[in-house]
Amino acid sequence: MYTQALNNSEAEDRHIEDAARAAQFQARIDADERIEPNDWMPAAYRKTLTRQISQHAHSEIVGMLPEGNWITRAPSLRRKAALLAKVQDECGHGLYLYAAAETLGTSREELVDQMLAGKAKYSSIFNYPTLTWADIGVIGWLVDGAAIMNQIPLCRCSYGPYARAMIRVCKEESFHQRQGFEIMLTLSRGSEEQRAMAQSALDRWWWPVLMMFGPPDSASQHSDTSTKWKIKRFSNDELRQKFVDATVPQAHYLGLAIPDAGMKRDPTTGHWQFSAIDWDEFKQVLAGNGPCNRDRIAARRKAHDEGAWVPEAAAAYAEKRKQRAVARAA
Amino acid sequence: MATPNTPLWEVFIRSRNGLAHKHVGSLHAADTTLALQAARDIYTRRGEGLSIWVVPSSAITASDPAEKGMMFGPAQSKIYRHPTFYDVPEEVGHM
């Protein structure tokens with residue numbers, strides 16, 4: 001899953017660097033060459049990518065929480081097996097991404113600690129609760145659907161390790177979206193209560209999902225650098241529109257209503273026009289005031305602290321075996 | 001609160017019989033057994049492989065990308081190492 005355009009690269013980091021090297025670097029980017037870990041890169045490029053990739057990794061890991069909430073209560077064995085596999089995939093995606101971030105020179109431990117300390121962000125979408133089983137359907141269908149829209153262009157991102165990780169992630173992601181849609185289809189063809197549950201989940205998730213694409217282009221001053229560096233290939237608004245256009249017909253097929261009374265199709269462009277997004281809500285959630293921000297961080301800290309003995313024991317065992325091998329050789 | 005740095009491993013997977021092991025990514029693990037198990041879980045959840053190699057990243061010696069000119073440049077001028085350098089008359093057919 002789950003990248004999010006947060007668009008807050010720090011302009012103040014852009015100190016003066018060797019102009020010739022910077023020009024050479026930009027020429028490589030313009031020629032669509034991939035940048036690899038040991039290549040020279042501007043400090044701001046390294047910093048922007050470290051932040052973006054690690055936020056993306058944190059999102060995968062935190063994203064396991066709202067879905068993990070339903071594993072033990074999945075309505076059938078088929079659904080349970082699929083949800084387990086999906087949550088396991090998210091963990092794998094987190095690991096690919098931490099590995100990609102580490103190639104830029106910051107260790108995974110450090111990155112994880114930044115998240116646990118509340119210094120690093122993760123996607124705002126995971127600060128919303130999963131109240132019913134239908135929420136699991138909506139997460140797969142819409143949250144993963146939005147993530148795919150965001151991630152497909154990243155497969156061509158200028159930084160090699162990130163692009164390669166994204167190719168693996170995107171391959172695995174399409175199962176996630178389809179299993180979510182199947183859940184929605186079953187519910188929307190089910191009893192009156194099931195249909196109502198599906199509609200209520202869509203009502204609650206629709207707007208937060210649109211926010212996943214990040215602030216509107218008019219409000220984001222920084223995406224120009226990411227575009228210049230070919231980290232970002234489409235603007236937030238372009239991706240959001242693409243997502244809406246793809247999703248509305250799917251909602252119609254399900255017989256569910258998009259919770260936007262003002263939504264209409266522009267007859268000339270064919271695009272679905274949606275109403276204004278409540279960006280204050282987005283800012284509030286990013287600032288730590290969403291419905292589940294504190295729960296999510298508390299759950300991550302608890303898992304980190306209570307699981308600390310595992311890497312410690314593994315390291316102690318590896319050390320013991322090493323000592324024994326040395327003793328045997330002597 | 002930082003946990004100890006666990007060694008980094010590079011993972012190579014043979015996807016089918018007859019193909020070479022190919023680099024797929026890296027992971028952290030305390031020892032060889034755990035590295036193999038983690039590689040299985042992270043990189044072969046959908047039957048991507050028949051065989052896995054894990055190699056400590058520290059055991060890899062890499063060429064310096066900054067010296068790629070010196071390293072690979074000499075091969076570029078030796079076009080006579082390619083079959084297309086040589087003329088074979090059309091009448092002779094495929095060779």
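Just so you know, all these numbers are worked out from the coordinates, no wet-lab data involved. Here the structure is a predicted model, which means the values were calculated and not measured. Cβ: placed from backbone, ideal geometry, glycine included. Neighbour counts: every protein chain shown.
Which of the listed residues, A:V326, A:G307, A:W272, is farthest toward the dipole's positive end in region A:236-330, when Lys, Arg count +1 and Asp, Glu count -1 at the beta-carbon?
A:V326
As a test of the formula, what do you get for chain B when each DSSP H run with n ≥ 4 contributes -39,500 (n - 2.57) and the sum is divided by the residue count, at 222 nm and rounded to the nearest 500 deg cm²/dmol?
The helix contribution divided over chain B gives -6500 deg cm²/dmol.
Taking the Cα centre of the protein assembly as shown as origin, work out the dipole magnitude from +1 charges on Lys and Arg Cβ and -1 charges on Asp and Glu Cβ, in debye rounded to 20.
Magnitude of the dipole: close to 1160 debye.
Using the alpha-carbon atoms, what tilt in degrees (0 to 90, nearest 10) does helix B:32-43 show relative to the longest principal axis of chain B?
The answer is roughly 70 degrees.
When A:S107, A:S59 are ordered from fewest to most other Cβ atoms inside 10 Å of their Cβ, what list results?
A:S107, A:S59
What is the distance in Å between the Cα centres of region A:170-249 and region B:79-95?
Cα centroid to Cα centroid, the span is 55 Å.
With the crude spin-label approximation of a point 7 Å out along Cα→Cβ, what separation in nm comes out for A:T72 versus B:R46?
The modelled label-to-label distance comes out at 3.1 nm.
Using only helices, what value at 222 nm comes out for chain A when you add -39,500 (n - 2.57) per DSSP H run of length 4 or more and divide by the total residues, to the nearest 500 deg cm²/dmol?
-20000 deg cm²/dmol
Give the Kirkwood hydrodynamic radius (Å, one decimal) of region A:16-70, defined as one over the mean of 1/r across all pairs of different Cα atoms.
So the Kirkwood estimate lands at 13.5 Å.
Taking each residue in A:164-175, count the Cβ atoms of any other chain within 10 Å of its Cβ, then average. What number comes out?
1
Less than 14 Å Cβ to Cβ from A:R178, Lys/Arg counted +1 and Asp/Glu -1: what total charge do the surrounding residues give?
After counting each charged neighbour, the total is -1.
So what is the relative contact order for chain A, in percent, with contacts set as C-alpha pairs under 8 Å and at least six apart?
Worked out over chain A, it gives 21 percent.
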